[in-house]
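What follows is one structure encoded as structure tokens, with my remarks underneath.
The values are calculated or read from the model by the stated rules, or taken from the named source; none is laboratory data. Here the structure is a predicted model, which is why all the values come from computation and not from measurement. Cβ sites come from the backbone with ideal geometry, for glycine too, and all protein chains shown count toward neighbours. Only protein heavy atoms, including side chains, enter the accessible area calculation; ligands, DNA and RNA are left aside. Shrake-Rupley method; radii C 1.70, N 1.55, O 1.52, S 1.80 Å.
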Amino acid sequence: MKMQNLSGPIIVACCSLWMPVQALAADQGKDVTQTPVARTPEAVKTTEHNNTTKVNKPFRDCNSCPRLVLIPAGNFVMGSPDANAGHAEEGRGEDEGPMHNVRIAAVAFGQTEVTRGEFAEFVKSTKYSVGDKCWALKEGKFEEISGLNWRNPGFPQTDKHPVTCVNWDDATAYTKWLSRKTGKHYRLPTEAEWEFAARGGTTTARYWGDKPDDACAYANTGDKTVQAAILGASSWTVHQCTDGYVFTAPVGSFKANDVGLYDMLGNVWEWTEESYHPNYINAPTDASIWQGDGEKRTLRGGSWNNGPRNVRAAVRNSNDPRLRFSIFGFRVVRDIR
């Protein structure tokens with residue numbers, strides 16, 4: 001199980017009843033889960049872009065479906081620079097290279113992570129069993145705890161928070177159900193699609209730039225709020241800012257990136273479609289699904305307990321697809337045909 005320095009030394013005390021301080025960024029408080037959206041025709045424009053700041057109008061395929069944003073086709077350089085490039089990106093992992101050009105086809109991306117409310121409809125409709133165990137922080141380390149699940153991950157949530165305590169199998173089951181429900185092809189993103197969308201046309205370590213301490217306007221991460229609320233977190237390496245949330249935040253609480261996607265960094269790690277590979281040697285250059293033995297699946301984006309190293313567009317994580325963690329969630333993509 002690869003867990004890349006998820007929060008530095010982790011010590012948790014009795015904090016599950018702590019409610020988030022509502023110290024929000026400039027555009028927080030906007031309820032993107034309730035904003036009216038237009039339906040889209042299938043003859044959707046797929047204008048290519050590289051460094052665009054244009055945001056396409058969100059749409060959805062049904063009233064309770066996740067809201068989608070069209071990400072036009074384009075090209076980008078995937079991965080992060082190492083010392084051979086003249087400078088290595090701070091926090092870079094060896095699995096983030098070699099850097100390589102990737103061609104991306106147009107795809108509709110979930111504007112936010114799938115919410116607990118959206119996932120609840122799937123469970124209700126299908127009677128899907130998500131188990132009753134979840135890995136969560138206990139006395140300084142992750143343990144699989146009975147009684148924790150997507151309904152109760154061990155901290156307060158509402159239906160507007162990202163669903164967590166879901167594994168890769170749960171996430172793919174949701175996408176298959178959504179495909180049957182809408183007649184469209186939903187799935188998890190490939191790693192290349194995810195990184196392209198997360199960067200939003202930028203080439204910096206994060207979509208807001210290279211300064212990690214600007215995170216609190218854009219992402220729910222390990223920060224001073226966490227240090228003030230969790231016993232033992234004073235030893236963690238955190239962002240030197242205050243975002244107002246110890247655990248997950250309602251989706252869309254922070255500024256979107258330049259293509260209109262929320263929480264692409266922070267909040268919860270997001271499952272991708274692909275098997276984990278230790279580097280990008282022989283990686284596809286067309287963003288097609290890169291499968292391996294399937295022993296581990298890749299996650300991207302960092303979580304609410306992560307410091308600067310793990311809150312970057314290029315960072316990669318992996319885990320057993322059968323395991324559920326209170327820091328793991330997902331978002332969907334929908335093919336444009």
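Would you compute the Debye intensity of the stretch 226-337 from its alpha-carbon atoms alone, equal scatterers and no solvent, and pass along log10 I(q)/I(0) at q = 0.14, 0.18, 0.23 Å⁻¹ to two decimals? Treating every Cα as an identical point scatterer, log10 I(q)/I(0) equals -0.67, -1.03, -1.41. Counting only residues at least eight positions apart within a chain, or on another chain, the aspartates and glutamates with an alpha carbon under 18 Å from that of residue 176 are 61, 113, 118, 121, 270, 273, 274, 335.
With a 10 Å radius around each residue's Cβ, average the other Cβ atoms per peptide and rank 306-317, 92-103, 198-209, highest first.
Final packing ranking: 306-317, 198-209, 92-103.
Going by the alpha-carbon gyration tensor, a ≥ b ≥ c the square roots of its eigenvalues, is the stretch 175-238 rounded (a/c under 1.5) or, if a/c is not under 1.5, prolate (a/b greater than b/c) versus oblate? Oblate, since a/c reaches 1.5 and b/c is not below a/b. To put it simply, the accessible area of the stretch 146-300 at a 1.4 Å probe is 47 percent carbon and sulfur. Quick check on the stretch 156-297: take the gyration tensor over C-alpha atoms, sort the square-rooted eigenvalues as a ≥ b ≥ c, and tell me if it's rounded (a/c under 1.5), prolate or oblate. Prolate shape, in that a/c is at least 1.5 and a/b is the bigger ratio.
Annotation: extensible slack from residue 286 through residue 337 equals 16.7 nm (criterion: 0.36 nm per residue apart, minus Cα-Cα distance).
Per-residue extension of 0.36 nm, minus the Cα-Cα distance of residue 235 and residue 85, leaves a gain of 50.8 nm for this segment. Taking 32 Å as the cut-off for C-alpha to C-alpha distance, list the pairs among 184/211; 138/184; 133/181; 181/224 that go past it. As for pairs spanning more than 32 Å Cα to Cα, those are 184/211; 138/184; 181/224.
Average accessible surface for the stretch 49-135: 45 Å² per residue, computed with a 1.4 Å probe over protein heavy atoms with every protein chain in place. A simple packing score, the average count of other Cβ atoms within 10 Å per residue, orders the peptides 230-239, 275-284 as 230-239, 275-284, with the highest score first. Of the GluC sites (Glu not before Pro) found in the stretch 265-329, the ones in coil according to DSSP and having at most 10 other Cβ atoms within 10 Å of their Cβ are 295.
Our note on the geometry: Cα centres of the stretch 58-91 and the stretch 157-188, 20 Å apart. Mind running the shape call on the stretch 137-203? Use the C-alpha gyration tensor, a ≥ b ≥ c as the square roots of the eigenvalues: rounded below 1.5 for a/c, prolate if a/b tops b/c, oblate otherwise. Note, shape of the stretch 137-203 comes out oblate. Averaged over its residues, the stretch 194-297 has an accessible area of 33 Å² per residue, based on protein heavy atoms and a 1.4 Å probe. In summary, the aspartates and glutamates within cross-link reach of residue 255, defined as a Cα separation below 13 angstrom excluding same-chain residues under 8 places away, comprise 27, 31, 214, 243, 263. Close amide H pairs (under 5 Å, H built 1.01 Å from N) link residue 71 with 107, 108, 109, residues at least 5 positions away or on another chain.
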